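The values are calculated or read from the model by the stated rules, or taken from the named source; none is laboratory data. On a predicted model such as this, the values are computed, not experimentally measured, just so you know. Note that we place each Cβ from the backbone using ideal geometry, even for glycine, and neighbour counts take in every protein chain shown. Side chains included, ligands, DNA and RNA excluded: accessible areas come from the protein's heavy atoms. Shrake-Rupley method; radii C 1.70, N 1.55, O 1.52, S 1.80 Å.
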Amino acid sequence: MQDRTAITRESLLRAAEKVFAQRGYESALLAEIASASGFSKGALYAHFKSKEDLFLALALAKAANLQANLSDALNHAQTREAKIAAFRSFYIGLAADRQWALLILEAKLFMTRHREVQEQLLEVENNLEGSVEQALVKLFGKSRRTSAKALGGIVAALVLESHLEPRAFTDRKIRAMLGVIFDSVLGI
């Protein structure tokens with residue numbers, strides 16, 4: 001039973017990400033998400049209280065995946081220089097999931113207008129930034145919370161700009177800019 005519950009939840013989260021990316025956070029309907037997952041709206045409500053709850057669960061799952069990827073990359077790097085290079089590569093790679101970056105921006109705008117869910121999204125972000133900050137502290141020896149927050153915001157801003165001006169902000173240019181920004185923010 002637990003396996004089926006986990007499979008249902010995972011299917012709902014995958015469908016939610018797809019529908020949120022296609023329709024936007026505010027325009028996405030729970031009925032569409034349920035339909036896209038192949039489950040009923042009742043099954044969706046058995047796992048999530050609301051659209052906000054579903055989005056927060058999706059954000060938590062994405063954050064956990066990012067944390068695992070960063071941890072894995074750092075664990076496989078043997079030297080400090082290799083760890084910095086792995087961290088830099090991880091950071092630059094964040095821009096690859098452009099739909100997710102836009103969706104996070106959209107959800108943040110929504111949540112700034114709806115204080116009741118704002119704290120929950122901030123908690124998700126702080127957990128991810130906390131693990132990023134811990135990795136930065138291990139590499140550079142002092143608190144880097146501001147650096148972690150700045151780096152994340154810069155990725156989102158560049159992704160947004162790339163949608164507005166795709167010729168000016170190509171994938172290649174964004175990767176190059178993020179590399180320079182990473183080095184500058186961290187004093188490398």
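Observations, loosely collected:
Residues are listed down the side, and each one gets a yes or a no for (1) more than 17 Å from Ala61 (Cα to Cα); (2) charged (D, E, K, R):
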position	(1), (2)
Ile84	yes, no
Ile92	yes, no
Ala95	yes, no
Ala101	no, no
Ile104	no, no
Val155	yes, no
Leu158	yes, no
Glu161	yes, yes
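- Of all residue pairs spaced 6 or more apart or on separate chains, those with beta-carbon atoms under 6 Å, a first member in segment 168-187 that is closer than 19 Å to Val132 by Cβ and a second member that is among the β-branched types (Val, Ile, Thr) and surrounded by 12 or more Cβ atoms within 10 Å (Cβ to Cβ) are Arg175/Ile92; Leu178/Ile92; Gly179/Ile92; Ile181/Ile154.
- Scanning segment 70-85 for residues that are small (Gly, Ala, Ser) and open to solvent by less than 50 Å² (accessible area, probe 1.4 Å) yields a total of 3.
- Pairs with Cβ under 9 Å, 6+ apart, first in segment 46-74 and under 23 Å from Tyr91 (Cα atoms) and in a helix (DSSP H, G or I), second open to solvent by less than 50 Å² (accessible area, probe 1.4 Å) and of a type in the set (S, T, N, Q): Ala63/Ser131; Leu66/Ser131; Gln67/Ser131; Leu70/Ser131; Ser71/Ser131
- Here Ile33 passes the criteria (1) among the hydrophobic types (A, V, I, L, M, F, W, C); (2) over 14 Å from Ala61 (Cβ atoms); (3) in contact (Cβ under 8 Å) with a residue 24 or more places away in the chain except the one numbered (3).
- Residue-level check: of (1) at pLDDT 85 or above; (2) in contact with a Lys or Arg (Cβ under 7 Å, 6 or more places away or on another chain); (3) aromatic (Phe, Trp, Tyr), Trp100 misses just (1).
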